[in-house]
Every structure is written in structure tokens, then in C-alpha cells.
Amino acid sequence: MNKIVKLHCVAQQYSWGNYGLNSTVAQLLSADSCVKIDESAPYAELWMGAHPSAPSVVETDDHKRLTLQQYLEANGIESLLGKQVVDRFGAVFPFLFKVLSIRTALSIQSHPDSDLAKKLFEKFPDIYKDPYHKPEIAIALTPFKALCGFRPLNDIIQFINDVPELKASIHASIESDKLDHSNCSLYLNNVVVALLKTNATVIKENLATLVNRISAQSTKNDLDQLVLVLHEQYPGDVGVFFAYLLNYIQMAPGQALFLPAGEPHAYVAGDCVECMAPSDNVVRAGLTPKLKDVDTLAHMLTYNTGEPPLVKPICESDNHALFRPPVDEFEVESYHISEGAEQSIKSRRGPAIVLVLDGNIQISSSLQPQNNFDKLIKGTVLFVPIDTPFTVKTIDSKSSTLYIARVSERLFK
Ligand SMILES: [Zn+2]
């Protein structure tokens, strides 16, 4: 029997999250009556899925609390996820869905592809926690700022020429004749490695000069402001210089960014929903007190340059958007349902997680009455097995926004 069940989800309290109920994550979490919000603590990420670091929990009819993975195993993984999903991804839930609420920038990072993830996990299981790749999509919920992918090569060369503190920090570790930009990948590789290998004291001094110089300018453009903000949040951190190497994008709510393996990125500010393969493998380059694995990073980056990878949604109606990046593990869909309106949610083949981002809703399913819910409030998270169509109606004179992550239709084509 394909039953929709509620998930109790866990927040990650990373230091970069917004505090207390200022955080969208805490607001969503507070829908769960078992959770007390601490106003002095950061709430960075809400994790919806079965990742062993913070698994979502299902409360069964006889009041047992099972992790989502245990629940799937107890009720038949194949009947809940579908044979094709289990054949492709094994007997594990195939994606991790998140909400992020950002107060200070996240580290500059990149994620390994499947082969590298397996190798890193075998060699350094304490650092790289699982054997999976981590392609990810981020969809802005508020105005959202991020650094992502290398800028066009000519822009990078120009910045290195025009920003003396950046130039000095790179040239401290590499001779000029090694910086030949006729081979773009090699050039960028050399620039990144040189920057990351320059002595931390030299970087600190150069950043201090840069920040003083920008502060004294009578006008400051967006990039100047970004450099000041990053330096205020991570004083003396080499990652601040990456503002000149990576595209700086400011996304409107509803815009989405897809990050395949090997793309450098850092989310800077705003709220987003994020979906990824069920992995926590991060290789960091800066804006972090954590380990910077320079050799692994330099080796794994794609060194693609140019426009950042925005994903165009497929829209079936005015209130709908479907983001389908080029991976099999996941796609993400949003519905905005007006006050008093009804919306039928098509049965698609992939198993799904539904998040009620705002408003209160009722769910009905004429074919499967076990899936009727009278009232689901903002912050409710549901697991929906394969082949489970349902209808949503907004209640209490409010509109509602739903985000649905599911295994991609690409898998079934
Ligand atoms: Zn990432």
C-alpha cells in the first residue's frame, strides 16, 4: 500500500546559518512540536532524506520512530521506491533535499565525481564521509548571492593585472613565465595552486592593503562590496581573492543554479532549497577554518570558464516550475497555490519528498483514502512513494508554496 508519511527532519547548526527564528530553517522546523528553537543558535540547513549523518524520522502507527532508511527496509524498499530506482542506485534513498538559510558565506568548495568520491572515501574516510558524487541544484527562495564557476578567462587575466594585491599574492608562489594563458586549464590550475600555497601571512598583509584601498574609494561597485563583506566575515582568508576568479551572481527568487562535479562555488547570502545526491563530500579552498585539501582540489576542478550554469525551468502552468538538471538522482518542482485553490499533483514515477514551504494545506486522494490529511501546516515534510497521485487544497485563507524533490524522470526514459 503506497502510503504518504510525515517526516521529522533534522537541522544542521553550522556557524554560517541565521540565528533562531530569523532562520527559515528554524521557522520550518518549529512546525514539528517536538523541536524547541534556541534563539541564540544558528540554524543553517534542514536535511530531508536518509543520509546517515542526519536522517529524517518516520513515526509509525504504533508510535515507533524509524529512520527513513529503516522505514523503507521495514515496508519493502522496492515497493516504495520502485524497481528501477533500486536497480540504478541500490537499496538506499537516492537524494538529499535541503533548505539553507545563510548569514555568512559558506566555504569555497567543489564536489568530487563518482570515481574520485570512491577513491577519497577509501583513502580518507574521516574526511570524505561517503562514496558518492554530489551534483547539486540550488533554487533561490530569497534574493540569493553566490560565487560559482570560473569567470571568462579574459576577465580573470584583467583582474590579475588590475588588482595589485591579487597579483602579488599569486606571484609570491610562482614565476611569471609559468603563467602562460595560452592553455586555459593549466593557467587557472597554476593560479589557484599558487594562491593557495602562498604563505598565510603574506595573504593576510595583501588582503589588509586591498581592503584599506577599497574602503578609501569614494564609490564601490558590487564586487568591491563583496570583497569587503567576505573579508569582514573571514578576515585574512585567501578565499576572499576568489571573488576575482569566480562568477559573482545575484539570483532572484525562483532562479536555479546547477553545480556538476568539479565546479568551484560558494554561496554568499540568502535562502535556498537545495537537492543533491546523498553525499556530504566537500573539498574546500577558502572562507573556512576547516581543512583545505589543495592538491585534491587543484586536481579535480574542471577549469571550465564562462557564464554560470543557471537551469531553465519547465513550466506547465503559471504557478508551476520544474527544474530537471542532467543527473538521474533528482529533479525539483515548485507549485504556488493561491488562497482557496486546489491543485492536483500528478503521479510521476519517482519517489518524492514534499515540503510545505508556506501556508496550510489539505491533501486528498480519492483512490487511496489512507493518504487524506485534514491539515498540514508550514514546515510539514512528507515522503511520497512511487505512483501516488494526490490533490492539494489550500486552507485557512492563505496561499501555499510546495517544493517537491523526486527521482528524475530521466531515469525512466
Ligand atoms: Zn556545494
Fill in: Residue selected from region 257-275 under the condition farther than 27 Å from GLY90 by Cβ and either hydrophobic (A, V, I, L, M, F, W, C) or not assigned by TED's automatic domain parsing to the domain that holds ALA138 (or both), by the criterion nearest to the ligand (Cβ to nearest atom)
ALA266
Response to the item:
Those residues of region 11-32 that are within 28 Å of SER365 (Cα to Cα) and among the hydrophobic types (A, V, I, L, M, F, W, C) come to a total of 3
Worksheet item: Inside region 316-386, counting only strands (runs of 3 or more DSSP E) that do not spill past its ends, which hold 3 or more residues that are out of contact with any helix residue (DSSP H, G or I) (no Cβ under 7 Å at 6 or more places or on another chain) and not aliphatic (A, V, I, L, M)?
Response: 331-337, 342-345, 360-364, 373-376
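Here are ARG324, ARG348: which of them is closer than 15 Å to GLU409 by Cα, among the basic types (Lys, Arg) and open to solvent by 40 Å² or more (accessible area, probe 1.4 Å)? Before you say what the answer is, go through the steps one by one.
Values: ARG348 fails: open to solvent by 40 Å² or more (accessible area, probe 1.4 Å).
On inspection, the qualifying residue turns out to be ARG324.
One line per residue, one yes/no per condition, for (1) open to solvent by 80 Å² or more (accessible area, probe 1.4 Å); (2) modelled with pLDDT of 95 or more; (3) out of contact with any Pro (no Cβ under 7 Å at 6 or more places or on another chain):
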residue: GLU136; (1), (2), (3): no, no, yes
residue: LEU147; (1), (2), (3): no, yes, yes
residue: ASP177; (1), (2), (3): yes, no, yes
residue: HIS181; (1), (2), (3): yes, no, yes
residue: ALA194; (1), (2), (3): no, no, yes
residue: LYS204; (1), (2), (3): yes, yes, yes
residue: LEU207; (1), (2), (3): no, yes, yes
residue: ASN221; (1), (2), (3): yes, yes, yes
residue: LEU228; (1), (2), (3): no, yes, yes
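Right, THR296: away from the ligand (no atom under 11 Å from the Cβ), open to solvent by 10 Å² or more (accessible area, probe 1.4 Å) and assigned to a loop (DSSP other than H, G, I, E, B) or not? Let's see the steps before the verdict.
Values: away from the ligand (no atom under 11 Å from the Cβ): yes; open to solvent by 10 Å² or more (accessible area, probe 1.4 Å): yes; assigned to a loop (DSSP other than H, G, I, E, B): no.
It is false that THR296 is away from the ligand (no atom under 11 Å from the Cβ), open to solvent by 10 Å² or more (accessible area, probe 1.4 Å) and assigned to a loop (DSSP other than H, G, I, E, B).
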Worksheet item: Within region 10-46, how many residues are in contact (Cβ under 8 Å) with a residue 40 or more places away in the chain and over 21 Å from the mean Cα position of the chain (by Cα)?
Response: 3
Worksheet item: Out of all the residues in region 101-113, is one or more modelled with pLDDT under 95 and more than 16 Å from the ligand (Cβ to nearest atom)?
Response: no
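Against the definition (buried (at least 23 other Cβ atoms within 10 Å of the Cβ) and in a loop (DSSP other than H, G, I, E, B)), how does HIS63 come out, yes or no? Give the derivation first.
Values: buried (at least 23 other Cβ atoms within 10 Å of the Cβ): no; in a loop (DSSP other than H, G, I, E, B): yes.
Criteria not met by HIS63.
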Worksheet item: How many residues are outside any helix (DSSP H, G or I) and either among the charged types (D, E, K, R) or away from the ligand (no atom under 16 Å from the Cβ) (or both) when one looks only at region 114-154?
Response: 14
Fill in: Residue among ALA26, ALA11 that is touching a strand residue (DSSP E or B) at 6+ places or on another chain (Cβ under 9 Å), surrounded by 23 or more Cβ atoms within 10 Å (Cβ to Cβ), assigned to a helix (DSSP H, G or I) and of a type in the set (Gly, Ala, Ser)
ALA26
Fill in: Scope region 217-272; condition outside any loop (DSSP other than H, G, I, E, B) and among the acidic types (Asp, Glu); matching residues
ASP222, ASP224, GLU232, ASP271
Worksheet item: Looking at (1) in contact with a Lys or Arg (Cβ under 7 Å, 6 or more places away or on another chain); (2) within 16 Å of the ligand (Cβ to nearest atom), which is the only condition PHE242 fails?
Response: (1)
Worksheet item: For ALA256, are the conditions met, namely being closer than 30 Å to ALA168 by Cβ and in contact with a Leu (Cβ under 8 Å, 6 or more places away or on another chain)?
Response: no
Worksheet item: If you check GLU333, GLU263, which single one turns out to be modelled with pLDDT of 90 or more, open to solvent by less than 20 Å² (accessible area, probe 1.4 Å) and within 25 Å of PRO131 (Cα to Cα)?
Response: GLU263
Discussion item. Restricting to region 276-293, give me the number of residues that are away from the ligand (no atom under 12 Å from the Cβ) and among the basic types (Lys, Arg).
Written reply: 2
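If we scan region 297-307, do we find a residue that is in the same structural domain as ASP130 (by TED's automatic domain parsing), touching a Phe, Trp or Tyr at 6+ places or on another chain (Cβ under 6 Å) and modelled with pLDDT of 95 or more? Spell out the reasoning first.
Applying the first criterion (in the same structural domain as ASP130 (by TED's automatic domain parsing)) to region 297-307 yields 297-307.
Filter once more, keeping what is touching a Phe, Trp or Tyr at 6+ places or on another chain (Cβ under 6 Å): 305.
Those still in the list that are modelled with pLDDT of 95 or more too: none.
So far as region 297-307 goes, no, none of its residues is in the same structural domain as ASP130 (by TED's automatic domain parsing), touching a Phe, Trp or Tyr at 6+ places or on another chain (Cβ under 6 Å) and modelled with pLDDT of 95 or more.
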Response to the item:
Looking across region 366-406 at residues that are touching a residue at least 60 places away in the same chain (Cβ under 8 Å) and farther than 23 Å from VAL273 by Cβ, the single one that is nearest to the chain's Cα centre (by Cα) is ASP387
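The values are calculated or read from the model by the stated rules, or taken from the named source; none is laboratory data. Everything quoted here is computed from the prediction, not taken from an experiment. We place every Cβ from the backbone using ideal geometry, glycine too, and count neighbours over all the protein chains shown. Ligands, DNA and RNA are stripped out before the accessible areas are found, and what is left, the full protein with its side chains, is counted by its heavy atoms. Shrake-Rupley method; radii C 1.70, N 1.55, O 1.52, S 1.80 Å.
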